[in-house]
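Everything below concerns the one structure shown next.
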Amino acid sequence: MKFRLIAKILRPLVAFKRKLTSIFSYISTCLLWVRLWHGLPVTAWLKAANFYKQGNFQAAARYYREGLAKYPSHPASYSARCDLSVCLEKLGYFEEAIEEASFVISLRYPLKDCYIIKSKLLSYRGEEVLATEILKISLSVFVQDNELKSKFIIQALRSKSHEKDMLACVQELRFLKNTININSEDLVYIETALGAYEIDRGDAVLGDSFLGRALSTGEAPYEAYFIRGRQFRLYSKSIQAREMLRRASAFEPRDPLPFIELSLSYLDLGEEQDIEWAVQAAETACKLSFWKNPEALQVLIDAHSANRQIERAAIFSELLERLMPENDILNIGNLK
């Protein structure tokens with residue numbers, strides 16, 4: 001009886017304490033928003049942020065949109081749009097993600113993720129030069145950002161464009177590599193970019209050593225895993241190549257590039273079972289790019305041809321011809 005009486009007395013006190021804690025938390029959030037955004041918090045965006053942290057991007061996107069519909073001119077609306085573009089990218093709504101990121105970029109608002117998302121999604125579709133251009137623009141906003149410099153160098157190498165600007169970034173990162181603190185978080189980006197550059201320009205030994213150091217930290221970016229996987233494939237080390245490419249795909253599950261390389265790794269072997277795997281990997285790459293990536297389509301055509309599925313190869317050849325001019329089709333191999 002005593003315990004029941006005590007519990008009955010304490011229950012409203014506990015409820016009051018929770019309510020008080022909630023009030024203080026909201027006041028703290030209000031003060032933070034006033035300091036950061038010079039305005040009161042938007043409840044919908046607070047809910048969106050919680051769902052975002054939980055990985056529930058569908059619910060997060062819904063609340064970001066709800067807040068933007070009510071408060072399109074709120075000082076925090078740019079940040080909300082940027083987070084919305086991330087959610088849309090995670091959900092596979094690429095066109096909408098590009099649209100939201102483009103809106104923020106058009107206003108030159110300094111949110112790095114918008115530039116990265118737009119460039120990444122354009123690359124997924126095979127628009128490599130435009131993807132490079134977006135990263136170049138980002139460097140005029142984030143002049144000292146070494147992660148963006150690294151991504152720009154790697155993307156410029158892939159698109160074979162912006163050579164002059166790319167070389168200038170390489171020189172900057174070479175200098176930084178010799179002067180930066182060995183514990184700096186930027187070092188993995190620097191070594192990944194320099195590794196990609198050296199491999200592209202013919203010094204595979206030096207490039208591999210840069211990539212190896214970046215990967216050994218356990219903090220290497222997606223690009224390091226992808227480039228190392230591609231190198232293993234070129235060295236005919238199929239098992240190691242697939243392991244690296246699967247790791248890269250774990251970083252960026254919607255990127256078609258690892259699946260393109262996986263398909264090529266199976267095609268390299270030429271066995272019947274391997275060719276069937278090559279077809280599956282190439283189809284996955286095409287689906288991820290919504291059938292808009294010319295390189296993925298070309299690899300799918302090659303896989304079907306190797307599998308003696310000539311009619312299917314012809315169907316996708318027609319799709320590729322509609323997607324891009326003939327002279328560009330002939331140059332697809334330059335991107336590999």
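Observations on the structure shown:
- Ser106 falls short on exactly one of the conditions (1) among the small types (Gly, Ala, Ser); (2) surrounded by 16 or more Cβ atoms within 10 Å (Cβ to Cβ); (3) over 30 Å from Thr179 (Cα atoms), and that condition is (2).
- For region 222-276, a residue qualifies if it is among the hydroxyl-bearing types (Ser, Thr, Tyr) and part of a helix (DSSP H, G or I), and the qualifying residues are Tyr222, Tyr225, Ser238, Ser249, Ser263, Ser265, Tyr266.
- Subset of region 132-172 that is of a type in the set (Ser, Thr, Tyr) and assigned to a helix (DSSP H, G or I) - its residue that is farthest from Gly195 (Cα to Cα): Ser140
- Of residues in region 208-256 being touching a residue at least 24 places away in the same chain (Cβ under 8 Å) and over 21 Å from the mean Cα position of the chain (by Cα), the one nearest to Asn183 (Cα to Cα): Arg233
- Of all the residues in region 182-200, those that are of a type outside the set (Phe, Trp, Tyr) and under 20 Å from the mean Cα position of the chain (by Cα) number 11.
- Residue selected from region 112-121 under the condition buried (at least 22 other Cβ atoms within 10 Å of the Cβ) and of a type outside the set (Gly, Ala, Ser), by the criterion farthest from Phe226 (Cα to Cα): Cys114
- For region 271-307, a residue qualifies if it is hydroxyl-bearing (Ser, Thr, Tyr) and surrounded by fewer than 24 Cβ atoms within 10 Å (Cβ to Cβ), and the qualifying residues are Thr284, Ser305.
- Residues in region 67-112 that are touching a residue at least 12 places away in the same chain (Cβ under 8 Å), part of a helix (DSSP H, G or I) and of a type in the set (A, V, I, L, M): Leu68, Ala80, Leu84, Val86, Leu88, Leu91, Ala97, Ile98, Ala101, Val104, Ile105.
- Single residue of region 83-98 satisfying the filter (farther than 17 Å from Ala48 by Cβ and touching a helix residue (DSSP H, G or I) at 6+ places or on another chain (Cβ under 8 Å)) that is surrounded by the fewest Cβ atoms within 10 Å (Cβ to Cβ): Phe94
- Only residues that are of a type outside the set (A, V, I, L, M) and surrounded by 20 or more Cβ atoms within 10 Å (Cβ to Cβ) were counted in region 137-157, giving 7.
- When Ala224, Ala248, Ala214 are checked against the criterion of being crowded, with 23+ Cβ neighbours inside 10 Å, at pLDDT 95 or above and closer than 20 Å to Trp277 by Cα, a single residue qualifies: Ala248.
The values are calculated or read from the model by the stated rules, or taken from the named source; none is laboratory data. Just so it is clear, the model here is predicted, and its values are computed rather than measured. Backbone-built Cβ (ideal geometry, glycine too); neighbour counts: all protein chains shown.
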